[in-house]
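Chemist: Structure provided below as structure tokens; questions to follow.
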Amino acid sequence: MTVRRGVLAVVAAAALAGLASPAAAVQRAEPLPRALEGVGITEHLGARIPLGLEFTAEDGTPVLLSHYFDGKKPVILTLNYYRCPMLCGLMLNGLVDGLKGLSWTPGNQFEVVTVSFDPLETHTLAMLKKESFISELGRPAAAAGWHFLTGSQASIKALTDAVGFSYRYDEKLQQYAHPTGIFLLAPDGRITRVLYGVSFPSQTLKLALTEAGEGKVGSAGDQILLYCFHYDANAGHYVVAAGNLMRLGGVATLLVVGVWLGAAWRRGAKQHAHSRSEADVSGL
């Protein structure tokens, strides 16, 4: 099923520019503008992206996608084009804002791969964008873990088809119409989650990365937190999993009771041993 939130994010961005009102459009149930027909994200959760695709890194080096998947760290994949007049910048700035709130850093606990879907863009432009967003993030070390790629039309199409990312070029406007969202990928390249829009709260990113990491990233506390939340596709973020929370609460209660009973048993055993010792002494 094609998820429309990615398309609505395009309309939302237009609204920011004073061009449209997504809420009003939903209320009127009007059809999408022709420029947005065929634009959206079809979720392929569980599918594995083709890691053998070749792209060009920001330094001009040919690189396979597999280079960024080490089997240990999850990957955030973003699809943008570097000359985008507004929407891509909004989305990547939203990602930067979310990353700022994490104690984790790209390259350590996870990787970020940004791929241009415009085959005419060059690695020189990719490098300029990388420098800009790394500077905005304020963590120079993140440069080792956030990669900006360009590629051929064949590689771009294979990747966008694999993740279900549909876009089109508007000849009249001389720009691309495209959805916005980031893809969370497991260390082996499987798609685990899609987060839509242009804003990605830090807590949502951390839960999504923990989920994508499949136990390979995050502390025990992070894993417990993930157990207590699940992703609500309608809400677009993680919400409390009441059933799991109740089960966890039940387990915690049993542990507390068990600890209390154990302590009580040890106290009783000590008192009993002490009483026997006193009795033995008095018997002498």
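Every number here is computed from the coordinates shown, using simple stated rules; none is lab data. These numbers were taken from a predicted model, which means no experiment stands behind them. Methodologically, a virtual Cβ is constructed for each residue, glycine included, from the backbone with ideal geometry; neighbour enumeration extends over all protein chains shown.
Chemist: Sticking with the crude label model, points 7 Å out along Cα→Cβ, report the distance from Lys157 to Ser103 in nm, one decimal please.
Modeler: So the two model labels end up 4.7 nm from each other.
Chemist: What full-extension length gain, to one decimal in nm, is calculated for Asp188 and Thr61 as 0.36 nm per residue of separation minus the Cα-Cα distance? It would help to have the intermediate numbers written out before the result.
Modeler: Details: separation 127, 0.36 × 127 = 45.72 nm, distance 2.26 nm.
Roughly 43.5 nm would be gained on extension.
Chemist: Here's something else I'd like to know. Suppose each label sits 7 Å from its Cα in the direction of the beta carbon; what would the Gln174-Glu131 distance come out to in nanometres?
Modeler: Each label point lies 7 Å from its Cα, and together they span 2.5 nm.
Chemist: Further question: To the nearest 0.05, how large is the calculated FRET efficiency for Ser202 and Asp70 if R₀ is 30 Å and r is the Cβ-Cβ distance? Spell out each step's value before the answer.
Modeler: Working: r = 24 Å, r/R0 = 0.80.
Efficiency, from the Cβ-Cβ distance: 0.80.
Chemist: Could you list Thr61, Thr56, Thr160 in order of exposure, starting from the residue whose Cβ has the fewest other Cβ atoms within 10 Å? Could you put the intermediate results ahead of the total?
Modeler: Details: Thr61 10, Thr56 20, Thr160 17.
In increasing order of surrounding Cβ atoms, one gets Thr61, Thr160, Thr56.
Chemist: Still on this structure, please answer the following. For the pair Thr122 and Glu54, how long in nm is the line joining their label points, each one 7 Å along Cα→Cβ?
Modeler: Inter-label distance under the simple model: 2.0 nm.
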